[in-house]
1. So which strands (runs of 3 or more DSSP E) stay within the stretch 63-119 end to end and still have 2 or more residues that are buried (at least 17 other Cβ atoms within 10 Å of the Cβ) and among the polar types (S, T, N, Q)?
2. Do we find that SER221 is over 20 Å from GLU125 (Cβ atoms), open to solvent by 60 Å² or more (accessible area, probe 1.4 Å), touching a residue at least 40 places away in the same chain (Cβ under 8 Å) and not charged (D, E, K, R) in this structure?
3. When residues of the stretch 105-133 are filtered for being within 18 Å of the chain's Cα centre (by Cα), within 16 Å of LEU180 (Cβ to Cβ) and not polar (S, T, N, Q), how many remain?
4. Evaluate the stretch 188-199: report whether one residue or more is open to solvent by less than 60 Å² (accessible area, probe 1.4 Å), free of Cβ contacts under 8 Å to residues at least 24 places away in the same chain, of a type outside the set (Asp, Glu) and not in a strand (DSSP E or B).
5. Among the residues of the stretch 127-148, count how many are open to solvent by 80 Å² or more (accessible area, probe 1.4 Å) and assigned to a helix (DSSP H, G or I).
6. Out of the residues in the stretch 149-184 that are small (Gly, Ala, Ser) and buried (at least 18 other Cβ atoms within 10 Å of the Cβ), which is nearest to THR204 (Cα to Cα)?
7. For ASP99, only one of the following conditions fails: (1) in contact (Cβ under 8 Å) with a residue 12 or more places away in the chain; (2) of a type outside the set (A, V, I, L, M, F, W, C); (3) over 18 Å from LYS189 (Cα atoms). What is its number?
8. What about PHE128, is it at pLDDT 95 or above and touching a Gly at 6+ places or on another chain (Cβ under 9 Å)?
Amino acid sequence: MLTGLIFAAALTTVSTQEPSSDQTKAPPTATQIESARAEAQAIIDRSEAAEFFENVTTTDTPQARHKPSGMVCSFMMGDPRNAVNLYPTREDGPRRGDDASCGAWWGSTYVTNFATRYPQRYTQEQLFGSAVRDVRENWQNVVPVEGSVRTANIEGQEPPLVGVFKAERNGQPRTTVVVLRNIGDWSFKVRATGEANDPDVSVTATFAFGAAIPGGWEIISSGR
């Protein structure tokens with residue numbers, strides 16, 4: 001299901017693509033939904049995250065919700081690299097359960113969604129600047145992509161801050177993306193990395209972000 005939805009999101013910014021057959025496929029069967037629910041529960045269980053994540057799968061896409069923030073994590077069926085993470089507490093940092101992430105491969109792009117509630121109440125501009133510095137410090141030959149970039153826009157959502165970079169890690173060229181927005185007490189962020197010549201890494205990153213923040217998946221699944 002995710003493949004078709006990513007494609008649909010791309011159509012919001014690029015009108016020259018043809019409709020995908022995934023967009024008209026039959027609804028998932030009860031067996032497919034049950035398999036997806038089992039997959040989501042296995043991800044939660046092996047991460048020992050049941051205190052803060054709940055299984056919210058209702059389609060053939062495995063999904064888990066971070067209870068404190070409302071972030072919804074979407075995963076690919078059958079991929080052992082699917083994961084949720086709870087980060088250790090630290091002095092003056094977020095309390096237990098207030099710093100979490102989930103990661104999955106969306107095609108050839110690896111996407112990590114983060115939800116963090118900082119006691120310091122940093123602005124989204126401060127946090128975005130910190131995320132960009134992290135890219136510059138941990139990647140090589142970092143070059144920002146200037147001008148217009150391809151993004152997925154989900155109806156009714158305020159646009160997030162987006163940074164797209166061409167960079168290298170371990171000698172391998174990549175496209176890496178930062179997406180961030182504060183909502184209430186929470187900071188939501190996506191870090192996504194894909195092939196260097198893939199123009200849709202930023203589409204995948206912004207779609208994954210919009211689908212994960214509170215209310216996003218409901219908008220998408222309703223077809224609005």
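The values are calculated or read from the model by the stated rules, or taken from the named source; none is laboratory data. For clarity, every value in this text was computed on a predicted model and none was experimentally measured. With ideal geometry, Cβ positions are generated from the backbone for all residues, glycine too; neighbour counts draw on all protein chains shown. Just so you know, the surface numbers come from the protein's heavy atoms only, side chains and all, with ligands and any DNA or RNA stripped out. Shrake-Rupley method; radii C 1.70, N 1.55, O 1.52, S 1.80 Å.
1. Working: elements: 63-66, 72-74, 83-86, 99-106, 109-116.
Result: 109-116.
2. yes
3. Taking the stretch 105-133 as the starting set, the residues that turn out to be within 18 Å of the chain's Cα centre (by Cα) are 105-117, 124, 127-128, 131-132.
Remaining after also requiring within 16 Å of LEU180 (Cβ to Cβ): 111-117, 124, 127-128, 131-132.
Applying the additional criterion that residues be not polar (S, T, N, Q) yields 111, 114-115, 117, 127-128, 131-132.
Residues in the stretch 105-133 being within 18 Å of the chain's Cα centre (by Cα), within 16 Å of LEU180 (Cβ to Cβ) and not polar (S, T, N, Q): 8 in total.
4. Taking the stretch 188-199 first, the residues open to solvent by less than 60 Å² (accessible area, probe 1.4 Å) are 188-194, 196, 198.
After this cut, where a residue has to be free of Cβ contacts under 8 Å to residues at least 24 places away in the same chain as well, the list is none.
No, every residue in the stretch 188-199 fails to be open to solvent by less than 60 Å² (accessible area, probe 1.4 Å), free of Cβ contacts under 8 Å to residues at least 24 places away in the same chain, of a type outside the set (Asp, Glu) and not in a strand (DSSP E or B).
5. Qualifying residue count, the stretch 127-148: 3.
6. Applying the first criterion (small (Gly, Ala, Ser)) to the stretch 149-184 yields 152, 156, 163, 167, 171, 184.
Now narrow it down to the ones that are buried (at least 18 other Cβ atoms within 10 Å of the Cβ): 152, 163, 167.
Details: ALA152: 7, GLY163: 13, ALA167: 18 Å.
Looking at residues that are small (Gly, Ala, Ser) and buried (at least 18 other Cβ atoms within 10 Å of the Cβ), I get ALA152.
7. That leaves (3) as the condition not met.
8. Working: at pLDDT 95 or above: yes; touching a Gly at 6+ places or on another chain (Cβ under 9 Å): yes.
It is true that PHE128 is at pLDDT 95 or above and touching a Gly at 6+ places or on another chain (Cβ under 9 Å).
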